[in-house]
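Quick notes on the structure that follows.
Every number here is computed from the coordinates shown, using simple stated rules; none is lab data. If you're wondering where the values come from, they're calculated on a predicted model, not measured in any experiment. FYI the Cβ positions are ideal-geometry reconstructions off the backbone, even for glycines, and counts take in every protein chain you see.
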Amino acid sequence: MREVSPNTVLLVDDDANVRKLFSVYLQKAGFKALHAENGIDAIVRLRDTIPKVIATDVEMPRMSGIEFMSVVRRRFPPIPIVGVSEAIPSEVLAEPKPDVWFCKGALNPSELVVTFKYLARKVPDRIDLPQVVPVPVRTLVGPAGYFNLTCTDCLPLFRATRKPLIRT
């Protein structure tokens, strides 16, 4: 069992101004806001602190919000997710679908705060997380000399450039 950090939220967005804006409203409401620039940065933050609510942008570099939501749903199922986007996607798979959608252009600060308070109340103070079984890193030589690597934290594939072995 892991302890959930009381009144802590994780804000994941590659736009620092959006994170700051959300932080101002949420801190006035009594929340502590943690920041992450993308999905990979957010996964690293989740190793140390389990927030009451996660808000994530959909379009981000390195790992999209949809990919990040998929990881959260598998690894941290009780944590509610707020999806934030310029335009709400018309089709999202059932698994990574957020609990609530917000459109950045039509953001109502009081509605944001009420939603976070409501979602935070639903999360228990201690949660039993599914055990993560370490997966050995698998490498497959891909086209043009790339290796495909599997991440043991979130399980997506990453590409790494193959460097020639130099013998002396």
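Key figures for this structure:
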| quantity | calculated |
| --- | --- |
| Spin-label pair GLU59/ARG126, simplified geometry with 7 Å Cα→Cβ offset, distance in nm | 4.4 nm |
| Net lengthening on full extension, LYS104/ARG47 (0.36 nm per residue, minus Cα-Cα) | 17.7 nm |
| Total formal charge among the other residues, if their Cβ is under 12 angstrom from that of PRO51, Lys/Arg +1 and Asp/Glu -1 | +2 |
| Label-point gap, in nm, between GLU86 and GLU111 - each point 7 angstrom along Cα→Cβ | 2.0 nm |
| Summed side-chain charge close to ALA16 - residues other than ALA16 whose Cβ falls under 13 Å, Lys, Arg +1, Asp, Glu -1 | -4 |
| Difference of contour (0.36 nm per residue) and Cα-Cα distance, ALA16 to ARG75 | 18.7 nm |
| Three-way shape call for the stretch 1-84 based on the alpha-carbon gyration tensor, with the a/c threshold at 1.5 | oblate |
| Pairs of Lys in the stretch 1-109 closer than 16 Å at Cα, counting only those 8 or more apart or on different chains | 4 |
